[in-house]
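One structure is given below, encoded as structure tokens.
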Amino acid sequence: MAHLKNSPFFSKRAIIFYFAVALILTLEGVFDIFEVAMGKYLLLTNPLRPRIGRLWVEESKDQEGLKEMSAVQTEQPRDSLYSGPLNSIEDLRAVLSMKNSISLSKDRFLQFYMLNEKQAKALIDPLVLYDLERGHQWTRVRMTLDENQIGIFFLNGYGQPITESFLSLSSAKPSEHLAASKLEQDPDFKGRIVPADIFFTAFDQLSGIHRLQIINDPYKLILWMDSLRRVGISAHSSEGSVELAFEVQMGETLTIHRLTASEIAAGYLITAINRSGYSPKLALPIPREVSNE
């Protein structure tokens with residue numbers, strides 16, 4: 001026993017060495033230390049090693065393929081928008097006869113819609129288009145040609161249809177121009193001129209019938225959508241009607257368009273304006289005969 005205790009295999013250093021080896025082997029079996037360390041080393045030295053051999057060639061091909069796919073996806077949108085000339089229904093028909101289907105952005109469709117009043121009204125009811133614009137869901141239009149009929153489909157941001165309209169290729173006449181004057185020159189509108197956003201907010205709350213009784217030609221709303229600055233409501237009524245004045249900015253010029261609304265519809269409009277918190281509150285129009293007494 002004394003001989004074994006004095007053996008180098010049982011010295012303190014030997015015991016520590018054997019213990020360390022056993023510990024390393026145990027850790028290696030559990031955590032794969034050497035494999036992880038070698039992987040880290042290869043990862044760090046990867047840029048320094050020459051890129052030769054079949055695996056490098058295949059990886060290079062894969063990377064080039066991914067770049068080409070990414071470029072194609074960038075250059076070709078999911079649903080390309082038509083960008084060619086489009087100035088009339090005749091232009092639209094000619095384009096659709098070649099392409100069968102085209103898509104327009106909302107802004108591009110509105111530009112096309114404003115080119116010709118009669119043709120535009122045939123494309124879609126202006127009041128329906130007004131509601132689409134105010135709904136903030138419509139983003140684009142897809143148009144198709146089926147024999148002698150154009151289909152117009154209004155889509156949201158997900159490409160889903162919101163509403164649709166159909167145009168029979170037969171009618172259209174030139175648009176009309178309205179006369180103009182200055183709003184401030186008429187005392188009937190003094191203190192009764194509201195900003196466009198207040199008007200639109202109140203107008204949106206009315207029924208379709210009352211909206212038509214205020215603007216019997218909703219196509220004008222489409223024309224004025226971004227150009228309308230203020231709306232004046234006359235303080236007087238005459239034979240059941242009330243005059244409204246729409247101040248529209250055309251370039252640097254303010255143009256006034258006067259329309260006649262029904263007294264009842266004008267009353268609902270004023271109530272909605274007052275309910276919005278607008279100040280000063282507007283009184284309901286009074287008959288002109290009474291005001292002259």
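Coordinate-derived values only; no laboratory data. The structure displayed is predicted, hence computed values, not measured ones. Note that each Cβ is placed from the backbone with ideal geometry, even for glycine, and that neighbours are counted across all protein chains shown.
What to note about this one:
- The alpha carbon gyration tensor of region 80-175 gives principal lengths a ≥ b ≥ c with a/c of 1.5 or higher and a/b no greater than b/c, which makes the shape oblate.
- In sequence order, calculated HN-Hα J values of region 207-223 (Karplus, 6.51, -1.76, 1.60; Hz; x Gly/Pro): 6, x, 5, 5, 5, 5, 6, 8, 10, 6, 10, x, 4, 4, 4, 5, 5
- Length added when fully stretched, S165-E90, from 0.36 nm per residue minus Cα-Cα: 25.2 nm
- For region 117-134 and region 229-266, distance of Cα centres in Å: 21 Å
- Residue pairs exceeding 31 angstrom between C-alpha atoms, taken from K121/K182; K118/K190; K106/K281; K106/K190; K118/K182: K118/K190; K106/K281; K106/K190.
- Subtracting the Cα-Cα distance of N148 and I286 from their residue separation scaled by 0.36 nm leaves 44.5 nm.
- Maximal additional length on extending the E239-D107 stretch stands at 43.5 nm, based on 0.36 nm per residue less the C-alpha distance.
- By average C-beta atoms within 10 angstrom, highest first, the peptides 208-214, 278-284: 208-214, 278-284
- At q = 0.09, 0.18, 0.20 Å⁻¹, base-10 log of I(q)/I(0) for region 178-293 (Debye sum, equal scatterers on each alpha carbon): -0.21, -0.90, -1.13
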